[in-house]
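**Q** Can you read through this structure? Questions will come right after.
The values are calculated or read from the model by the stated rules, or taken from the named source; none is laboratory data. The shown structure was predicted, so the numbers you read here are calculated from the model rather than taken from an experiment. In this analysis, Cβ positions are derived from the backbone assuming ideal geometry, glycine residues included, and neighbour counts consider all displayed protein chains.
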Amino acid sequence: MTPSSGSSDALYGAPRPRRSQRVWWLLATVVVLAFELTLLWLARTPRVDDHYRRYFIEHATTCYRPMGEVPVLTPGERYPIRKGEPLGNCGVLWAGFYSPQPDVPVSARLAEVTLRLRVAPEVSPAGSQAVVVALELSRFPDSAAALPVEVMIGEQTVTRWPVGGRYERFEVEVPAALIASDGSFSLTLKGPPPIAPRDAGLDANKFPVGLRLDALTLRSPLGLTPARAQP
Amino acid sequence: MNDSVTAGPRSTLGERLKTLAAETPPPAEALARAQAVRIPWGHILLALLVTRAVWLAIALWGDHSYLHAMAQFDGSWFKGIMTRGYDVEARGMSDGDAANWAFFPLYPALLWLVTLGGQLDPELMGVLLSNALLAVALGLGCRYLAITRPGAPLLLFVWLAASMPYSFYFSALYSESLFWLLCLASLIDWRCQRTGRVMLWTLLLSMTRATGVFWVIAMGIELVARLRLRAFAELWRRPDWLLIGVVGPLGLFLFMALLYHRTGDALAFSHVQISWGREMGNPLTNLIEGLSYWQSAPETLRPAWQASMALVGVGLIGWLGVQRRWLEMGLAGFTLFVPLATGLDAIPRYMIGMPVFVLALHDLLTRLPRMLAWGLVMLGALANLWLVENWYDTVFWLV
């Protein structure tokens with residue numbers, strides 16, 4: 001700073017700028033500040049697509065875009081729904097589920113979440129036989145009263161479950177007519193609106209949590225679960 | 001300003017703490033000290049040559065490529081920015097959700113310059129660039145020590161910074177050494193009240209790393225701690241301080257403008273952190289959870305170790321506070337707690353990347369007997385060799 005005729009500051013010792021200099025400093029401050037405020041305003045209104053917004057900004061889904069193969073499910077096998085597990089990949093979980101860490105249950109961050117699943121050919125050859133999907137579900141917060149969750153296969157509503165506790169097991173039969181010829185089908189859960197732990201007064205986490213999905217098991221409608229099935 | 005008070009024979013704890021308060025010279029005195037100090041350039045070069053030669057020998061002995069190892073992890077992101085610029089959309093890493101928006105532009109811009117626009121080998125030039133920046137930073141560190149800690153052993157500082165655990169980051173294609181240089185330059189010029197230069201350095205700081213923005217906040221903390229409420233009135237009389245306050249973060253805002261132009265999201269540098277599993281949370285919760293691993297799962301060393309390092313950082317922040325080095329304390333506090341709020345990963349690197357932590361460590365070492373202090377520096381240098389070996393083996397907890 002250019003020394004000037006101003007009096008010295010007791011602690012910082014440097015001479016203060018003259019009045020005419022001060023005007024220029026203040027003007028420069030206003031200009032820079034105006035630029036920064038403009039950027040902040042632009043930051044509030046990003047020009048991004050829906051995938052970007054839901055993944056990067058709202059943290060509403062596990063995956064940025066659907067990636068990878070949907071794995072073929074073996075009857076009787078209990079599949080944990082976790083990042084890093086076969087049913088935790090971006091091909092299955094991209095629509096509304098969230099799980100940032102491998103050891104954290106997958107949570108629904110939207111009221112409506114969809115799993116993309118596929119059965120083995122021998123379970124439903126060319127979509128000719130129904131299958132039963134069992135889900136282990138919780139609802140956040142743990143003390144929440146049970147509320148109905150609508151279960152849809154594709155576009156069709158097939159049942160409603162009262163979900164409110166922890167690690168409750170629910171089963172739904174997927175009619176053969178709703179299974180595609182390659183064995184694939186989508187299972188959608190429409191639950192109550194998720195709530196942020198911060199809004200529930202639990203911790204500072206501002207991202208909403210709804211249903212928590214812990215594991216999924218597949219079996220035939222006849223109940224002939226293979227011996228290696230785990231509870 | 002001299003905050004020192006002589007302790008009487010029946011001094012209370014408060015009075016004893018006051019005896020630890022550091023003396024801060026007025027700008028004229030600071031300038032005189034800065035000009036009078038003889039910077040040990042020979043020792044700086046010797047320390048860099050010796051330590052880097054040992055690291056190179058370890059690489060050769062283990063059949064590693066030294067240059068390739070120094071350009072891994074974040075280094076490869078910087079190289080990508082240098083050659084391709086900033087990504088238009090995320091597509092990197094296994095989930096296809098990573099992009100180079102988290103890496104600030106000044107270091108890759110320098111890399112582009114020293115490779116003559118990418119014509120020279122970026123790994124070789126990057127290693128040379130980082131070490132050259134560190135050499136200048138160590139010179140500035142000696143100057144800053146002479147201003148704020150007259151009589152402090154400069155050689156101890158030089159060898160400590162050149163060889164301590166995690167110091168290999170200063171040789172890598174990382175922005176740590178550039179950050180050191182700019183941070184120390186702005187600290188020196190702030191003490192000398194050369195405010196025009198402070199504006200330039202802090203602008204470049206916030207263009208180097210996100211933590212550069214905290215400089216002006218820490219400056220505000222010092223002003224309030226020294227001047228109390230008068231600080232706000234003083235801003236009207238000292239509009240150059242006000243201008244530092246808005247020019248300091250300008251580097252970040254310019255980067256935001258670039259990102260808005262490329263991606264449509266001015267905050268992409270922050271939003272993309274989710275790709276590395278970073279989400280804003282409670283720093284104390286993260287710290288306590290990390291420390292609890294010592295008891296619940298000591299075999300899970302990574303979070304426990306990183307939380308322990310964060311605890312050391314908290315201690316060093318407290319030590320700076322006891323010495324009433326308000327600006328340094330503010331810088332250290334923000335540098336530790338903001339990243340800690342997003343998780344424990346890379347906490348040791350955040351700490352070593354901020355020179356005030358090393359200054360605080362140096363302050364402690366200078367209170368020990370000389371031989372013990374040098375012995376600890378040697379011990380740290382040996383521990384660093386183990387980290388270097390792990391770095392060459394690309395262990396992920398050193399990212």
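**Q** So which residues in the range A:71-102 are within 14 Å of chain B (Cβ to nearest Cβ), among the hydrophobic types (A, V, I, L, M, F, W, C) and without any contact (Cβ under 8 Å) to a residue 40 or more places away in the chain, if there are any at all?
**A** Answer for the range A:71-102, where residues must be within 14 Å of chain B (Cβ to nearest Cβ), among the hydrophobic types (A, V, I, L, M, F, W, C) and without any contact (Cβ under 8 Å) to a residue 40 or more places away in the chain: A:90, A:92, A:93, A:94.
**Q** Here is a follow-up. Scan the range B:264-287 for residues that are assigned to a helix (DSSP H, G or I) and facing chain A (nearest Cβ under 7 Å) and jot them down.
**A** B:271, B:272, B:274
**Q** Just give me the residues in the range B:333-344 being touching a Gly at 6+ places or on another chain (Cβ under 7 Å), assigned to a helix (DSSP H, G or I) and without any contact (Cβ under 8 Å) to a residue 60 or more places away in the chain, in sequence order.
**A** Matches in the range B:333-344: B:336 only.
**Q** Looking at the structure I just gave you, is residue B:324 in contact with a Phe, Trp or Tyr (Cβ under 9 Å, 6 or more places away or on another chain) and within 14 Å of chain A (Cβ to nearest Cβ)?
**A** Answer is no for this residue.
**Q** Determine, yes or no, whether residue B:283 is at pLDDT below 95, under 29 Å from residue B:14 (Cβ atoms) and touching a helix residue (DSSP H, G or I) at 6+ places or on another chain (Cβ under 8 Å).
**A** Judged against the criteria, residue B:283 is a match.
**Q** Just for the range A:212-225: of the residues that are of a type in the set (A, V, I, L, M) and at pLDDT 85 or above, which one is farthest from residue A:144 (Cα to Cα)?
**A** Restricting to residues being of a type in the set (A, V, I, L, M) and at pLDDT 85 or above, the top hit is A:218.
For (1) under 30 Å from residue B:28 (Cα atoms); (2) of a type outside the set (Asp, Glu); (3) touching a strand residue (DSSP E or B) at 6+ places or on another chain (Cβ under 7 Å); (4) crowded, with 17+ Cβ neighbours inside 10 Å, each residue gets a yes or a no:
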position	(1), (2), (3), (4)
B:108	no, yes, no, yes
B:112	no, yes, no, yes
B:115	no, yes, no, yes
B:119	no, yes, no, no
B:124	no, yes, no, no
B:127	no, yes, no, yes
B:134	yes, yes, no, yes
B:137	yes, yes, no, yes
B:142	yes, yes, no, yes
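**Q** Moving on to the next point. Step by step: first the residues of the range B:63-106, then only those that are polar (S, T, N, Q) and assigned to a helix (DSSP H, G or I), then the one that is farthest from the chain's Cα centre (by Cα). Which residue is that?
**A** By that ranking, first place goes to B:83.
So that you can scan it fast, the table gives a plain yes or no per residue for (1) in contact with a helix residue (DSSP H, G or I) (Cβ under 8 Å, 6 or more places away or on another chain); (2) closer than 23 Å to residue A:39 by Cα; (3) not aliphatic (A, V, I, L, M):
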{"position": "B:184", "(1), (2), (3)": "yes, no, no"}
{"position": "B:201", "(1), (2), (3)": "yes, yes, yes"}
{"position": "B:205", "(1), (2), (3)": "yes, yes, no"}
{"position": "B:224", "(1), (2), (3)": "yes, no, no"}
{"position": "B:228", "(1), (2), (3)": "no, no, yes"}
{"position": "B:242", "(1), (2), (3)": "yes, yes, no"}
{"position": "B:247", "(1), (2), (3)": "yes, yes, no"}
{"position": "B:263", "(1), (2), (3)": "yes, yes, yes"}
{"position": "B:269", "(1), (2), (3)": "yes, yes, yes"}
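**Q** Would you tally the residues in the range B:351-374 being over 19 Å from residue B:22 (Cβ atoms) and in contact with a Leu (Cβ under 9 Å, 6 or more places away or on another chain)?
**A** So the answer is 4.
**Q** Taking helices (runs of 4 or more DSSP H) that do not extend beyond the range B:144-247, which have at least 1 residues that are crowded, with 22+ Cβ neighbours inside 10 Å and among the hydrophobic types (A, V, I, L, M, F, W, C)?
**A** B:154-163, B:176-191, B:195-205, B:214-227, B:239-247
**Q** While we're here: Note down all Cβ pairs under 9 Å where the first residue falls in the range B:112-138 and is outside any helix (DSSP H, G or I), the second is exposed (fewer than 14 other Cβ atoms within 10 Å of the Cβ) and not hydroxyl-bearing (Ser, Thr, Tyr), and they're at least six residues apart or on different chains.
**A** Hits for this filter: B:115/B:121.
**Q** Still on this model: Only one of B:57, B:30, B:47, B:53 is assigned to a helix (DSSP H, G or I) and within 14 Å of another protein chain (Cβ to nearest Cβ). Can you tell me which?
**A** B:30
**Q** Can I ask one more? Being buried (at least 18 other Cβ atoms within 10 Å of the Cβ) and in contact (Cβ under 8 Å) with a residue 12 or more places away in the chain is the filter here; which residues of the range B:254-269 pass it?
**A** B:255, B:256, B:259, B:263, B:268, B:269
**Q** Might you let me know whether the range B:363-375 holds any residue that is of a type in the set (S, T, N, Q) and at pLDDT below 95?
**A** No, because not a single residue in the range B:363-375 is of a type in the set (S, T, N, Q) and at pLDDT below 95.
**Q** To continue, here is another question. Residue A:53 - would you say it is under 26 Å from residue A:113 (Cα atoms), more than 7 Å from every other protein chain (Cβ to nearest Cβ), without any contact (Cβ under 8 Å) to a residue 60 or more places away in the chain and surrounded by fewer than 17 Cβ atoms within 10 Å (Cβ to Cβ)?
**A** Spelling it out, residue A:53 is indeed under 26 Å from residue A:113 (Cα atoms), more than 7 Å from every other protein chain (Cβ to nearest Cβ), without any contact (Cβ under 8 Å) to a residue 60 or more places away in the chain and surrounded by fewer than 17 Cβ atoms within 10 Å (Cβ to Cβ).
**Q** Also, I was wondering about something else. Which of the residues spanning the range B:261-317 are closer than 22 Å to residue B:398 by Cβ and among the hydroxyl-bearing types (Ser, Thr, Tyr)?
**A** B:275, B:293, B:300, B:308
Rundown of residues vs (1) over 22 Å from residue B:74 (Cβ atoms); (2) over 20 Å from the mean Cα position of the chain (by Cα); (3) of a type in the set (Asp, Glu), yes/no style:
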residue: B:208; (1), (2), (3): no, no, no
residue: B:211; (1), (2), (3): no, no, no
residue: B:262; (1), (2), (3): no, yes, no
residue: B:267; (1), (2), (3): no, yes, no
residue: B:280; (1), (2), (3): no, yes, no
residue: B:315; (1), (2), (3): yes, no, no
residue: B:318; (1), (2), (3): yes, no, no
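The rows are residues; the columns are (1) at pLDDT below 95; (2) of a type in the set (A, V, I, L, M, F, W, C); (3) closer than 23 Å to residue B:350 by Cβ.
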site: B:172; (1), (2), (3): no, yes, yes
site: B:201; (1), (2), (3): no, yes, yes
site: B:211; (1), (2), (3): yes, no, yes
site: B:237; (1), (2), (3): yes, no, no
site: B:246; (1), (2), (3): no, yes, no
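**Q** So residue B:305 passes all but one of these: (1) away from chain A (no Cβ under 14 Å); (2) farther than 30 Å from residue B:148 by Cα; (3) crowded, with 19+ Cβ neighbours inside 10 Å; (4) not aliphatic (A, V, I, L, M). Which condition number does it fail?
**A** Condition not satisfied by residue B:305: (3).
**Q** Pull up the range A:16-50, narrow it to residues that are over 18 Å from residue B:262 (Cβ atoms) and in contact with an Asp or Glu (Cβ under 8 Å, 6 or more places away or on another chain), then point me to the one that is nearest to the other protein chains (Cβ to nearest Cβ).
**A** Filtering the range A:16-50 for residues that are over 18 Å from residue B:262 (Cβ atoms) and in contact with an Asp or Glu (Cβ under 8 Å, 6 or more places away or on another chain), the one nearest to the other protein chains (Cβ to nearest Cβ) comes out as A:25.
**Q** A further question follows. One residue is enough: does the range B:237-260 have a residue meeting the conditions among the basic types (Lys, Arg) and either touching a Gly at 6+ places or on another chain (Cβ under 6 Å) or over 23 Å from residue A:21 (Cβ atoms) (or both)?
**A** no
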